[in-house]
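Undergrad: This structure is in structure tokens; I'll ask about it shortly.
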């Protein structure tokens, strides 16, 4: 028996009025092709290792770029069906149910107008008794702090032992996993901020502890550095030259704020310099 499919997508025209008994109106309509005219169906069952059906399992279809195409729950008989699914050669089908591990991917190639039958077998999983700590690192303005170094210590008999090291991602998130019951603290270091210690307590198995760290700006670390090289006209570095640092006011006035000497390579360095505009003068004297 033939299967009838719509060649075009159902659409409707704009509305117009007939203004008199002899009036005529024109209603044009452009129909769009049905994108699923040649689509197929992916169906099947989810079972356990003994072949018994698994109801309420989640089945997910991903495309070749791992984007979600469709998902659904299995029936009490373990069956599922997705339609319409466009024809493609690189679908990946997964299933997961409570108490079972996520299945390995079934790579499916679906042809036009095909009904593809799959059987997905799930293996029972042993739940982990260990826990995780998931958190976020912010500054005082509630902005994320990326690339913060986080050290996790476990407190044991009034002492502490380093057990893990990680870094926050670009939006300040971090995770410590596979943790046993006990008391912990997290040491957080980030450039330009004060070191922070964050306590954490894992009190139950297979739990997820959520924490949040708020870092304070280090006033010294936030100050700038002025450095440079003093040379003569022959491009030779001058050691033991006096260097004076001047702050330039908005009106152009120069105010001396610090002085130092160059090292044997002609390099000078001023640290903990507040924000602003600066210049340096330099001179070297000799004894004759």
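The values are calculated or read from the model by the stated rules, or taken from the named source; none is laboratory data. Since the model is a prediction, treat every value here as computed from it, not as a measurement. Backbone-built Cβ (ideal geometry, glycine too); neighbour counts: all protein chains shown.
Undergrad: Take residue 75 and decide whether it is farther than 30 Å from residue 205 by Cα and out of contact with any strand residue (DSSP E or B) (no Cβ under 8 Å at 6 or more places or on another chain).
TA: Working: farther than 30 Å from residue 205 by Cα: yes; out of contact with any strand residue (DSSP E or B) (no Cβ under 8 Å at 6 or more places or on another chain): yes.
Yes: the conditions hold for residue 75.
Undergrad: Another question, if that's okay. Does residue 243 qualify as being part of a strand (DSSP E or B), touching a strand residue (DSSP E or B) at 6+ places or on another chain (Cβ under 7 Å) and not assigned by TED's automatic domain parsing to the domain that holds residue 276? Spell out the reasoning first.
TA: Details: part of a strand (DSSP E or B): yes; touching a strand residue (DSSP E or B) at 6+ places or on another chain (Cβ under 7 Å): yes; not assigned by TED's automatic domain parsing to the domain that holds residue 276: no.
No.
Undergrad: In segment 46-60, what residues are in a loop (DSSP other than H, G, I, E, B) and over 15 Å from residue 125 (Cβ atoms)? Give the steps one after another, and end with the answer.
TA: Here is the first cut: in segment 46-60, the residues in a loop (DSSP other than H, G, I, E, B) are 49-52, 54-57.
Within segment 46-60, 50, 51, 52, 55, 56 meet the criteria.
Undergrad: In segment 61-75, which residues are part of a strand (DSSP E or B) and either touching a residue at least 60 places away in the same chain (Cβ under 8 Å) or surrounded by fewer than 19 Cβ atoms within 10 Å (Cβ to Cβ) (or both)?
TA: Answer for segment 61-75, where residues must be part of a strand (DSSP E or B) and either touching a residue at least 60 places away in the same chain (Cβ under 8 Å) or surrounded by fewer than 19 Cβ atoms within 10 Å (Cβ to Cβ) (or both): 62, 68, 69, 70, 71, 72, 73.
Undergrad: Determine if segment 35-51 includes at least one residue that is out of contact with any helix residue (DSSP H, G or I) (no Cβ under 8 Å at 6 or more places or on another chain) and on the phi > 0 side of the Ramachandran plot.
TA: Looking through segment 35-51, at least one residue is out of contact with any helix residue (DSSP H, G or I) (no Cβ under 8 Å at 6 or more places or on another chain) and on the phi > 0 side of the Ramachandran plot.
Undergrad: Could you pull out the residue among 206, 264 that is exposed (fewer than 12 other Cβ atoms within 10 Å of the Cβ), in a loop (DSSP other than H, G, I, E, B) and assigned by TED's automatic domain parsing to the domain that holds residue 138?
TA: The match here is 206.
Undergrad: Would you call residue 172 at pLDDT 90 or above, crowded, with 16+ Cβ neighbours inside 10 Å and not assigned by TED's automatic domain parsing to the domain that holds residue 55? If you could, list the steps in order and put the result at the bottom.
TA: Values: at pLDDT 90 or above: yes; crowded, with 16+ Cβ neighbours inside 10 Å: yes; not assigned by TED's automatic domain parsing to the domain that holds residue 55: yes.
Criteria met by residue 172.
Undergrad: In addition: If you go through segment 195-203 one residue at a time, do you hit one that is surrounded by 15 or more Cβ atoms within 10 Å (Cβ to Cβ) and closer than 30 Å to residue 285 by Cα?
TA: no
Undergrad: Exactly one condition in (1) in the same structural domain as residue 164 (by TED's automatic domain parsing); (2) touching a residue at least 40 places away in the same chain (Cβ under 8 Å) is false for residue 195; which is it?
TA: With (1) in the same structural domain as residue 164 (by TED's automatic domain parsing); (2) touching a residue at least 40 places away in the same chain (Cβ under 8 Å) applied to residue 195, the lone miss is (2).
Undergrad: Every residue in segment 237-284 that is without any contact (Cβ under 8 Å) to a residue 24 or more places away in the chain and more than 25 Å from residue 220 (Cβ to Cβ), please.
TA: 250, 251, 252, 253
Undergrad: Turning to a different aspect of this structure: Only one of 258, 235 is modelled with pLDDT of 90 or more, surrounded by 12 or more Cβ atoms within 10 Å (Cβ to Cβ) and more than 30 Å from residue 148 (Cβ to Cβ). Can you tell me which?
TA: Going through 258, 235 in turn, just one is modelled with pLDDT of 90 or more, surrounded by 12 or more Cβ atoms within 10 Å (Cβ to Cβ) and more than 30 Å from residue 148 (Cβ to Cβ): 258.
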